[in-house]
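Inspection log for the structure reproduced underneath, given as structure tokens.
The values are calculated or read from the model by the stated rules, or taken from the named source; none is laboratory data. Fair warning: this is a prediction, and the values are worked out from it, not measured in the lab. Note that each Cβ is placed from the backbone with ideal geometry, even for glycine, and that neighbours are counted across all protein chains shown.
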Amino acid sequence: MSLPAIRPRPDQIAELTRGLELPLPKLSAVHLEIIAEGLLHAFSQVRASSPTIVMSGSEAEVTALLEARLNGMVEEDPLWRQLVLCVARGKESVSYDGSHLEKRPDLSIYLSGKHRGFPLVVEAKIIDAANSKTETLYCDNGLRRFVDGEYAWGNREAYMIAYVRDGSSIGAKLTPFLSNAMAQSPPGYLIEDLPAAIGAGKMDLAHSRHGRNFIYCGSSALAAQPGPISVWHLWLL
């Protein structure tokens, strides 16, 4: 049996985006910081209850625990419940032109009052240089998916989280790597702004900005370009 051809599916995109103007409006920076605090809190609880999995388990094992804890917080934490409806792991989604119907971002955070077809997407990666899980892999197999329109193509923001096992930090590893990429022509990962730290240092949180060159399906007008995406990076120790 042959596999389905990879081809644009404008009918899929038309149905998903019916009545919407893309990209969707920006999310509040305050809300995005609350999301980071929630992710950090959930991870801290998971690390305390399942330290072996957090330190040596697979990415999927850690993310599954994180999903369960984040959904538990919806029931337990009034502030989190006001912002978040639910969190889904591996929720199937379509790419920007419908060529792929079964993209599975690690976590999809469904926000109160926001369109259910475009959750806040979170992609997770382990950082552990001794096992060849480096910032290169983080960017090639994670960050690039937002730039290429595989994930979060209707949004202006997305999240990358790192499960750090070797003491790495955004400032020491990710920022120099993206700085080198930025010097390329064209810039690697279409980097426009290098990671800028957020908050008072209580967590390793920063955001970078990246261009996106694809055009929304069914239109070639300038207004149909997605514009840049702000990727929030949270590295968890």
(request) Please enumerate the residues belonging to segment 44-82 that are buried (at least 16 other Cβ atoms within 10 Å of the Cβ) and under 12 Å from ILE126 (Cα atoms). (result) VAL54, GLY57, VAL62, THR63
(message) Pull out all pairs, ordered by first then second residue, where Cβ-Cβ is under 8 Å, the residues are six or more apart or on different chains, the first lies in segment 114-142 and is in a strand (DSSP E or B), and the second is of a type in the set (Asp, Glu) and buried (at least 20 other Cβ atoms within 10 Å of the Cβ).
(response) LEU120/GLU157; VAL122/ASP106; GLU123/ASP106; ALA124/ASP106; ILE127/GLU135
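Mind listing just one residue for me: the one in segment 76-113 that is among the basic types (Lys, Arg) and in a strand (DSSP E or B) and, of those, modelled with the lowest pLDDT?
That would be LYS103.
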(request) Identify the residue in segment 153-188 that is of a type in the set (Gly, Ala, Ser) and surrounded by fewer than 17 Cβ atoms within 10 Å (Cβ to Cβ) and, among all such residues, is farthest from GLY211 (Cα to Cα). (result) GLY167
(request) Select the strands (runs of 3 or more DSSP E) contained entirely in segment 143-232, then report the ones holding at least 3 residues which are among the aliphatic types (A, V, I, L, M). (result) 157-164, 191-197
(request) Name, by its number, the condition in (1) at pLDDT 95 or above; (2) surrounded by 17 or more Cβ atoms within 10 Å (Cβ to Cβ); (3) over 16 Å from the mean Cα position of the chain (by Cα) that does not hold for GLU150. (result) (3)
(message) What pairs come out if I take residues in segment 171-191 that are at pLDDT below 95 and pair them with residues that are in a helix (DSSP H, G or I) whose C-beta lies under 8 Å away, six or more apart or interchain?
(response) none
(request) Look at PRO25 and say whether it is surrounded by fewer than 11 Cβ atoms within 10 Å (Cβ to Cβ), part of a loop (DSSP other than H, G, I, E, B) and either more than 18 Å from the chain's Cα centre (by Cα) or in contact (Cβ under 8 Å) with a residue 40 or more places away in the chain (or both). (result) yes
(request) Please state which one of LEU32, LEU39, LEU65 is touching a helix residue (DSSP H, G or I) at 6+ places or on another chain (Cβ under 7 Å) and assigned to a helix (DSSP H, G or I). (result) LEU65
